[in-house]
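One structure is given below, encoded as structure tokens.
The values are calculated or read from the model by the stated rules, or taken from the named source; none is laboratory data. Every value quoted in this text rests on a predicted model; they were computed, and no experiment measured them. Positions of Cβ are generated from backbone atoms using ideal geometry, with glycine treated the same way; all protein chains shown enter the neighbour counts. With ligands, DNA and RNA removed, areas are computed over all heavy atoms of the protein, side chains included. Shrake-Rupley method; radii C 1.70, N 1.55, O 1.52, S 1.80 Å.
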Amino acid sequence: MSELEFPTDFLWGTATASYQVEGAVKEDGRGRSIWDDFCRLPGAVRHGHTGDAACDQYHRYPEDIALMRELGVNAYRFSVAWPRIQPEGTDPVNQAGIDYYDRLVDALKEADIEPMVTLYHWDLPSALQEAGGWPERSVAGRFADYARRVFDALGDRVQLWLTLNEPLCSAFLGYLEGIHAPGVRDRRLAYRAAHHLNLAHGYAVAAFRDGAYSGRIGTVLNPWTPRPATRREEDFQAADSAADGHTRVFLDPLLGRGYPERHLAAYPDIELPIQEGDEEIIATPIDYLGVNYYTEPVVAYDPEHPEGFRLCEQHQTRTAMDWPIVPAGINRQLKWLHEHTGGMPLYVTENGCALEDQLSEDGDKCHDPTRIEYLRAHLAQIKAAMDDGVNVKGYMLWSFIDNFEWAKGYTKRFGIVYCDYTDRRRVPKNSFYFYRDVIAGFE
Ligand code: IFM
């Protein structure tokens, strides 16, 4: 049997996010988001790039779905832009925004492609940031109201829901490091944001259960499960501790285990604004977990660090993001999650690499052998984990198309379809055909 032979009911897809691909930011009543604002801050995004036009998927989704058919995927993971549905972050609902996702979902169903919908992939309506953003508790309630509107509009056709994409990034890149929107640097606010993101997730899952919608719901984390630098016990301890802030702060409350005490003890200045009942809401049971994996860090014991670890240098080949390529890390991570969650169904909701892709001279091809090897190696590791009993239900390759890579603008190409940003022409890369063959079972 080929190392890439997957079960026949495996979900094969690609992934994108609204602000990264849609463009059309001023059309059909869409409100402003924190990313529209952040892109306008001098120096915030490389070359001053914005998502104003992105890949223009808002207008070109029929062409993209035709390409997905050629690819043979049976799923497409995309996100709904909150400011298209509620331009001010609260009612009234903007019907034109709903209509766009209606058209997209109908076109996908027509093509036998299952929509997998993320409710929040970082485009918070600016009006809610002006009211305090994620550090403000009321935003979690607003998110549940918005989620209900989307469930009501699309719930008759969408069976696979995801609440938040990588709340770690929203909280810590957005409010601690300040390198993502809204560009705040404040540890106290970052942890408030983390708790309210967890709460928002819980409220949305509870709303989904209360509404008795017919599909299934989960969330997307980008767990950090570092490898210890050596086999010394202290490095194992360091690796375990390093998973607290990036992974357990988001995963453990979902599993009803509360926040990791060891992590909170390391930062006595952090206060989590937990109110009575919050932990039960956050732990409202989910149906599956989405996992985004790109690389695996290596850590060693460091008594000087509040959490007892330091990052070590790595020697693997790196992608254009400067991320080391570590295929075995996805196997280790899936197994870690399998054990930690007690065997919860998992979807790989993102995996892929950015490379310095270039079109061939005739402009019709793009050779990306490194991406093919990256995908082959990661898929083989996923399959190996499944053979060892990990319950992986699907794989959403990041990304369908080159797109707006946040603070790096359009300088990083993650797609298996090349996007020519001068005219938005799509050119499938060689990895597109490789993935097509894997899906068809010919690899
Ligand atoms: O582009 C992002 C995506 O929006 C979230 N996960 C990581 C990807 C690559 O950086």
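Mind checking the per residue accessible area of segment 96-165 for me, 1.4 Å probe, whole number of Å²?
Computed with neighbouring chains in place, this is 29 Å² per residue.
Tell me, in nm to one decimal, what length is gained between Arg103 and Ser214 on full extension, where the rule is 0.36 nm per residue of separation less the Cα-Cα distance?
Full-extension gain reported as 37.9 nm.
Evaluate the distance, in nm, between pseudo-label points positioned 7 Å from the Cα of Arg187 and of Tyr433 along their respective Cα→Cβ axes.
Using points 7 Å along Cα→Cβ, the separation is 5.3 nm.
Any number yet on Rg/Rh for segment 295-422, C-alpha, Kirkwood?
1.03
Leaving out ligands, DNA and RNA, what percent of the accessible area of segment 49-123 is carbon and sulfur, probe 1.4 Å?
49 percent
Tell me, how many Å apart are the Cα centres for segment 256-320 and for segment 1-77?
Taking the Cα centre of each part, segment 256-320 and segment 1-77 sit 27 Å apart.
Could you give the length gained by full extension between Glu304 and Gln275, i.e. 0.36 nm per residue of separation minus their alpha carbon distance, to one decimal place?
Contour length minus the Cα-Cα distance gives 7.1 nm.
Eight or more residues apart or on different chains, and alpha-carbon atoms under 30 Å: count the Lys pairs in the chain matching that.
So the count of such lysine pairs works out to 21.
Over the chain, with a Gaussian network built from C-alpha contacts below 10 Å, which listed residue (Arg376, Arg60, Arg148) shows the highest mean-square fluctuation?
The residue with the greatest mean-square fluctuation here is Arg60.
In what sequence, highest mean first, do 91-104, 268-281 appear when ranked by Cβ atoms within 10 angstrom?
Order by mean packing, descending: 91-104, 268-281.
Which shape class, rounded, prolate or oblate, goes with segment 309-368 when its Cα gyration tensor gives a ≥ b ≥ c as root eigenvalues, a/c under 1.5 marks rounded, and past that a/b bigger than b/c marks prolate?
oblate
Using the Kirkwood radius over Cα pairs, work out the Stokes-Einstein diffusion coefficient for segment 152-238 at 25 °C and 0.890 mPa s, in µm²/s as a whole number.
The calculation lands on 160 µm²/s.
By how many nm would the segment from Arg262 to Ala131 lengthen if fully extended, with 0.36 nm per residue of separation less the alpha-carbon distance?
Between Arg262 and Ala131, full extension yields 43.9 nm more.
How many angstrom lie between the Cα centre of segment 350-381 and the Cα centre of segment 163-186?
Computed from Cα coordinates, the inter-centre distance equals 29 Å.
Can you give the direction-averaged projected area of the convex hull of the alpha-carbon atoms in segment 393-432, in nm²?
3.4 nm²
Starting from the alpha-carbon convex hull of segment 1-148, give the projected area averaged over all orientations, in nm².
Its average projected convex-hull area is 11.1 nm².
Rounded to the nearest 20 Debye, what is the dipole magnitude of segment 135-271 about its Cα centre when Lys and Arg each give +1 and Asp and Glu each give -1 at the C-beta?
So the magnitude is around 280 debye.
With every protein chain kept in place and ligands, DNA and RNA left out, what is the accessible area per residue of segment 203-254? Probe 1.4 Å, answer in Å².
Result: 38 Å² per residue.
R0 = 45 Å: FRET efficiency of Tyr421 with Gln95, Cβ-based, nearest 0.05?
With a Förster radius of 45 Å, E is 0.90.
How large is the helix-only mean residue ellipticity at 222 nm for the chain, computed as the sum of -39500 (n - 2.57) over DSSP H runs with n ≥ 4, divided by its residue count, in deg cm²/dmol to the nearest 500?
After summing the helix terms and dividing by residue count, I get -11000 deg cm²/dmol.
Mind giving me the nanometre distance, one decimal, between the label points for Glu234 and Asp112, set 7 Å out from Cα along Cα→Cβ?
About 5.9 nm, to one decimal.
When DSSP assigns beta bridges and you keep just the ones with both residues in the chain, what percent turn out antiparallel, to the nearest 5?
20 percent
When the dipole is taken about the Cα centre of the chain, and only Lys, Arg (+1) and Asp, Glu (-1) are charged at their Cβ, what size is it in debye, to the nearest 20?
In total the dipole reaches around 160 debye.
Please compute the modelled spin-label separation between Asp152 and Lys365, points set 7 Å along Cα→Cβ, answer in nm with one decimal.
The answer from the label model is 5.3 nm.
In Å, the Kirkwood hydrodynamic radius of segment 337-378 over pairs of distinct alpha carbons?
For segment 337-378, the Kirkwood estimate is 13.2 Å.
Expressed as cubic angstrom per residue, what is the convex hull volume of the alpha carbon set of segment 198-317?
Enclosed volume per residue, from the Cα hull, is 119 Å³.
Over the chain, what per residue volume does the convex hull of the Cα atoms give, in whole Å³?
With only Cα atoms used, the chain gives 139 Å³ per residue.
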